Structures are given as structure tokens and as C-alpha cells.
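Worksheet: one structure, shown below.
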Amino acid sequence: MSDDAPPTTLPPRTRDLARRGNGQTHPRPVSRTTPAPAPRPSAGRSQAPLYTAGALALSVLALCACLVGVFKVQTIQVVGAGLPAAAMADAAAVSGQNVFTVRSDLVIDRMASLPAVEVTRVETDFPDRVVIYARLREPAIAWQSAHGTLLIDRYGHVLGPATRSTLPLVSGPQPPDSDTITAVKYALRLLPAAPDGAVAGFSLDRSTGLSIHGRSGWQAVLGSGTAQNLVIRIANLQVVLNTVARNGQRLATADMRHGGAFYHVRGS
């Protein structure tokens, strides 16, 4: 080979290797980042619009059914012992009504025409039934009014006329309320155990309230108030009866509205 021949040119990679062999450093090649694939939409997310559309369709169908009156009440079921089912169905007045428009509060209000029936709840049963849960009211006392003797339950509801009754009798111009009925029941349990404590009856007056009449002729005015207040006065009346008996006397009258401090006696 001639000394005048041109120098041989090496390829770039060969030159890099040669330079590394001579201890020369070179910049590292720049790494290329591969872009991550775009996330695929999940199956649940893709089905969400379908669920929404389905719920909307069902809502529209239900609304249409209500509007056109498809689901009409065909059956009225009465749940409870000894109830007048036919009369209750008539009083409910929901036959032929759309089951979606039945209001339980209105049904209960209509049942007031049957005072002996206490409705506890009303339910609608799709597609065409209404269920009424009720029970018969139990009479607690008899009320002697200007129109005859009527049965009253423990809440003060007038149930109807009393033909024969062994219940406690309360006479007066207005029916007794629940507080008064509670007091009457308590008096009948407590007073007969006291001397001369047998009770003949009870009366109501607008000015003096509740009074108790003893079989021996005494009378005690209890007045008006809550059940608790009346019960306390009855307990005080028992104390008066015991005190009078220990003194060898008999009670004539007592005003228990003042703690039993005012009473009159008669000789034995």
C-alpha cells in the first residue's frame, strides 16, 4: 500500500468503540419513552347509561299506569278479630280507587264513623289490594247522659248505647275523658279496702269536676286535673276515711281539691 493513500474512514459505531477503548467518555444515548396505552372504558361505566335509561322507562310506565287508572283497588282485607269487615270496607270508600292514590290517614279518618273500631294502620298491597289492621275498642265505663247510657272506652271514645252493663257508672253532662276514667278505675281498686270505702257511683260537673259517692251516703269532690293529680286526691281520701273511722265517726262530705283538709263527719 502506498503511504500517500487517504486514511480509512471508520463507521460511527466503530469509532465509538474505539474511543471507549482509549478511555474517552461520551454522553449516554437518550432513551425513548414508549407512550402508555389509553385506558379502556370499564364495562360498569359503559352500562350505567343503560341502567339510568331503564329506571327512567320504568318510572314513565308507572306514571302512565297511575294516570290511566290500571291499578284499581279490587280487594279490601280487614285484619283483626271480631271486626265488622263489610261495614269497614264501606266506610273506607277506596273500592275502584287507584291503589297509588290511597292515603292511609284519610282511610283512618273515615273509620271514625265506626266508633267501636280502632284502626291501627292501613297498607296498600300492589297491584289492587288495601289491608286494614284494626281491633275492637273495649268499653271501660258506662256514662249516664241525658240521651241514655253509653259505653266509653279508656280513651274517652263513645262506643254506643249500653243495654246491660256491670261497668262503673259515671253521670254528667259531658263524657269523661281518659284522665277521669283512669281515676275512676283507681278509686274502685283502692277505696273499698278502707273503712266505709264502698263506692256507689261517680258524677261529673262542669264547675266541681269529678265526685265520688259512697254507699253509706258520703260524697267527696275530687275536682279536675290530670290522672296523676286525681289519683293523689283519691289516696288522700283513703287517709281521711281511715282517720274518721279511728275516731269512731263516719264521713259526710270532703273536698279533696285542697289535699283533704276540708271534710265533715257525722256521728257513728
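Observations
- The listed residues are 122, 107, and the only one of them that is surrounded by 19 or more Cβ atoms within 10 Å (Cβ to Cβ) and assigned to a strand (DSSP E or B) turns out to be 122.
- Restricting region 228-250 to residues that are at pLDDT 95 or above and farther than 20 Å from residue 192 by Cβ leaves a set whose member that is surrounded by the most Cβ atoms within 10 Å (Cβ to Cβ) is 229.
- Considering the conditions (1) under 24 Å from residue 82 (Cβ atoms); (2) assigned by TED's automatic domain parsing to the domain that holds residue 89, residue 158 is excluded by exactly one of them, (2).
- Some residue of region 199-210 being assigned to a helix (DSSP H, G or I), under 24 Å from residue 142 (Cβ atoms) and either modelled with pLDDT of 95 or more or not assigned by TED's automatic domain parsing to the domain that holds residue 171 (or both): no
- Flag if residue 164 is basic (Lys, Arg), out of contact with any Gly (no Cβ under 9 Å at 6 or more places or on another chain) and surrounded by 14 or more Cβ atoms within 10 Å (Cβ to Cβ): no
- Residue within region 198-208 that is under 30 Å from residue 85 (Cβ atoms), in contact with a Lys or Arg (Cβ under 8 Å, 6 or more places away or on another chain) and not polar (S, T, N, Q) present: no
- Scope region 215-229; condition touching a Gly at 6+ places or on another chain (Cβ under 7 Å) and not in a strand (DSSP E or B); matching residues: 224
- No other residue among 181, 132 is surrounded by 18 or more Cβ atoms within 10 Å (Cβ to Cβ), assigned to a strand (DSSP E or B) and not charged (D, E, K, R) apart from 132.
- Any chance residue 232 is assigned to a helix (DSSP H, G or I), among the β-branched types (Val, Ile, Thr) and out of contact with any strand residue (DSSP E or B) (no Cβ under 8 Å at 6 or more places or on another chain): yes
- Residues in region 125-135 that are of a type outside the set (Lys, Arg) and at pLDDT 95 or above: 130, 131, 132, 133, 134.
- Residue count, region 136-153 (criterion: surrounded by 15 or more Cβ atoms within 10 Å (Cβ to Cβ) and either in contact (Cβ under 8 Å) with a residue 40 or more places away in the chain or not in a strand (DSSP E or B) (or both)): 4
- In the set (1) under 22 Å from residue 151 (Cα atoms); (2) free of Cβ contacts under 8 Å to residues at least 12 places away in the same chain, the condition left unmet by residue 184 is number (2).
The values are calculated or read from the model by the stated rules, or taken from the named source; none is laboratory data. Everything numeric here is computed off the predicted structure, so don't read it as measured data. Virtual Cβ from ideal backbone geometry, glycine too; neighbours counted across all protein chains shown.
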